[in-house]
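All remarks here apply to the structure that follows.
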Amino acid sequence: MSKLNYKLILYIIGLLLLFNGGAMLITAGVSLLTNDGVVHEITSSAIIIISIGLILMLFNKNNIRQINKKDGYLIVTVGWLTMILSGLVPYYTTGSIFSFSNLIFESMSGYTATGSTIINDVESLPKSIIFWRSMTHWLGGMGIIVLAIAILPLLGIGGMQLFSAEAPGSGISGDKIHPRISATAKRLWYIYVGLTFVETIALNLAGMSIFDAVNHSMSNIATGGFSTKNNSLAYWNSIPQIQYIIIFFMILAGTNYLLIYSVFIGKFRKLFNNTEFIWYLSFIAVFVLVTTLVLFFNVDLSNTEFDHPEIYGKFESSFRHAFFQIVAVITTTGFVTGDFAGWTPFLTMLFFGLMFIGASSGSTSGGIKISRHLILIKNGFLEFKKALHPNAVLPLRYNHSVVKKAVIVNILAFFMLYLILFIIGAGVLSTQGLDFSSAVGASAASLGNVGPAIGSLGPSLTYEGLSGFAKIWCSFLMLVGRLELFTFLIIFTPYFWRKI
């Protein structure tokens, strides 16, 4: 394997900074329109970031060549860190957030589309900063790297290694939109932008202000969870149609984008022939039914100010809130309409378990992903058959295709590493004064990019009370989870840096 090309890496990092700076300029425009008093601070932030990006590109422009695997992994990891560090600048220059750990946490939670926050009073922030929080979700949801590789071929740079490192779980099914990776990235972003626009219109027509609609659409399509209101979507508990619209688009956001594209070009049969999609909907249906029945038959559960009293004992309301929260947790979106951590111990355990499921591979959601669960379960049953018939040839089939042994081994390694990281994550957080449920909840929610956890970090609370180290640790788990473990952790192995 060839050695790392640091000048090429710096060039692409500069390009990513231009994207981030451009997004800040859009945010400055929002500040100007809303007259929130921070337009100069955000504009200066944009100028700083764009200037650094231009300098990096200018001094490294003659070092462009094809990206190899090592370059791809390092670009994605350093690129994400660069976006996160540069993305915290508007928070600091506007005085919205000051401490380093809080800045890192909020920016990391935004770009990784996690949705947990350290801000207790979101509504007191300048509107442009509220918009910037949603923008970080939107950029990180599909992946700023995917946006970059859509135009890298114009610069003479190949993007396959970047795409595979950015979305390592998206290729399990083996589907492709287009043989050229740049064309695939463009089509994904067309869908992404289109869904955001359609949801914005739908929410606005249902009763949201255009500002709230834009923000929630960006956050929702990215499966993020940042809201414009302190009570998140519970603010609109009196307008059921808004919550049903959010539910519909959360389900779409948790669906493999390659399948969504198939629907757009008229291949509807491909959607319902997809094993993962069928199980995705089935999981949602079963868990919604169970949660609805528990809420409906427990009429005296409204024990927090965050909850709306009509959640309990009324079928439509029980169904809607069960539907909303089940989809929000499975898709790792993180919006909330009620304090599900206080909906009986059984439901608390149910929602905690859902944090480990994740939605579809090839979607913007975090978590383990349903496809990995299905392949692991199928492999388990296959091992039982092999024990009874040791000489039989029993291939593992998924989506009507034989799964390669290397894929199965990769998934087994992923599960083991995910579990180890979860346990270590909870153990470290327990040293920072968190009780058991809070520590395991924060670890699962951060690693799975879910957002709200359980215990003292439930849906009605923020992460502001954590120690500075705990916030940095949660931020680390968010990034590892967003890049699906291997992409980030591989750069810490000695053989990554070894010259071959």
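The values are calculated or read from the model by the stated rules, or taken from the named source; none is laboratory data. What you are looking at is a predicted structure, and each value in this text was computed from that prediction instead of being measured. Every residue, glycine among them, receives a Cβ derived from its backbone with ideal geometry; neighbour counts consider all protein chains shown.
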Return the only residue of 467, 437 being over 17 Å from residue 101 (Cβ atoms) and over 14 Å from the mean Cα position of the chain (by Cα).
-> 437
Test result for residue 170, over 15 Å from residue 364 (Cβ atoms) and modelled with pLDDT of 50 or more = no
Enumerated helices (runs of 4 or more DSSP H) restricted to segment 264-382, each holding at least 3 residues that are modelled with pLDDT of 90 or more | 275-296, 315-330, 344-354
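Within segment 237-251, restricting attention to residues that are at pLDDT below 95 and not β-branched (Val, Ile, Thr), which residue is surrounded by the most Cβ atoms within 10 Å (Cβ to Cβ)?
237
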Can you tell which of 437, 456 is under 22 Å from residue 325 (Cα atoms) and touching an Asp or Glu at 6+ places or on another chain (Cβ under 9 Å)?
-> 456
Can we say residue 484 is within 17 Å of residue 104 (Cα to Cα), in a loop (DSSP other than H, G, I, E, B) and either touching a residue at least 60 places away in the same chain (Cβ under 8 Å) or polar (S, T, N, Q) (or both)?
-> no
Here are some conditions: (1) under 17 Å from the mean Cα position of the chain (by Cα); (2) in a loop (DSSP other than H, G, I, E, B); (3) free of Cβ contacts under 8 Å to residues at least 60 places away in the same chain. Residue 476 meets all but one. Which one does it not meet?
-> (2)
Please determine, by comparing only the residues of segment 101-140 that are under 18 Å from residue 211 (Cβ atoms) and acidic (Asp, Glu), which one is surrounded by the fewest Cβ atoms within 10 Å (Cβ to Cβ).
-> 121
Among what's in segment 382-403 and is over 20 Å from residue 280 (Cα atoms) and of a type outside the set (A, V, I, L, M), pick the residue that is surrounded by the most Cβ atoms within 10 Å (Cβ to Cβ).
-> 386
Restricting attention to segment 58-69, does a residue exist that is part of a helix (DSSP H, G or I), touching a residue at least 12 places away in the same chain (Cβ under 8 Å) and touching a Phe, Trp or Tyr at 6+ places or on another chain (Cβ under 8 Å)?
-> no
Scanning segment 224-280 for residues that are farther than 18 Å from residue 317 by Cβ and among the hydroxyl-bearing types (Ser, Thr, Tyr) gives 227, 228, 255, 257, 261, 262, 275, 280
So how many residues does segment 199-230 have that are closer than 28 Å to residue 355 by Cα and either surrounded by fewer than 20 Cβ atoms within 10 Å (Cβ to Cβ) or under 19 Å from the mean Cα position of the chain (by Cα) (or both)?
-> 18
Quick one: count up the residues across segment 394-407 that are part of a helix (DSSP H, G or I) and touching a strand residue (DSSP E or B) at 6+ places or on another chain (Cβ under 7 Å).
-> 0
Mind telling me which of the residues 391, 410 ends up being assigned to a helix (DSSP H, G or I) and farther than 24 Å from residue 455 by Cβ?
-> 410
Does segment 64-77 contain at least one residue that is buried (at least 16 other Cβ atoms within 10 Å of the Cβ), more than 30 Å from residue 459 (Cα to Cα) and of a type in the set (Phe, Trp, Tyr)?
-> yes
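Yes/no matrix, rows are residues, columns are (1) of a type in the set (Ser, Thr, Tyr); (2) in a helix (DSSP H, G or I):
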site	(1), (2)
211	no, yes
217	yes, yes
224	no, no
245	no, yes
Among all residue pairs at least 6 apart or on different chains, which show Cβ distances below 9 Å where the first residue, located in segment 276-300, is within 19 Å of residue 345 (Cβ to Cβ) and without any contact (Cβ under 8 Å) to a residue 60 or more places away in the chain and the second is of a type in the set (Gly, Ala, Ser) and in a loop (DSSP other than H, G, I, E, B)?
-> 295/313; 295/338; 296/313; 297/313; 298/313; 299/313; 300/313
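Quick grid of which residues meet (1) modelled with pLDDT of 95 or more; (2) within 25 Å of residue 328 (Cα to Cα); (3) under 23 Å from the mean Cα position of the chain (by Cα):
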site	(1), (2), (3)
59	no, no, no
62	no, no, no
70	no, no, no
74	no, no, yes
80	no, yes, yes
89	yes, no, yes
98	no, no, no
126	yes, no, no
161	no, no, yes
Would you check which residues across segment 33-57 are surrounded by fewer than 15 Cβ atoms within 10 Å (Cβ to Cβ), part of a helix (DSSP H, G or I) and without any contact (Cβ under 8 Å) to a residue 40 or more places away in the chain and list them?
-> 33, 40, 47, 51
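Just one of 69, 7, 61 is basic (Lys, Arg) and touching a helix residue (DSSP H, G or I) at 6+ places or on another chain (Cβ under 6 Å); which is it?
Unique residue meeting the criteria: 69.
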Please indicate, with yes or no, whether at least one residue in segment 235-242 is of a type in the set (Val, Ile, Thr), more than 16 Å from residue 452 (Cβ to Cβ) and within 15 Å of the chain's Cα centre (by Cα).
-> no
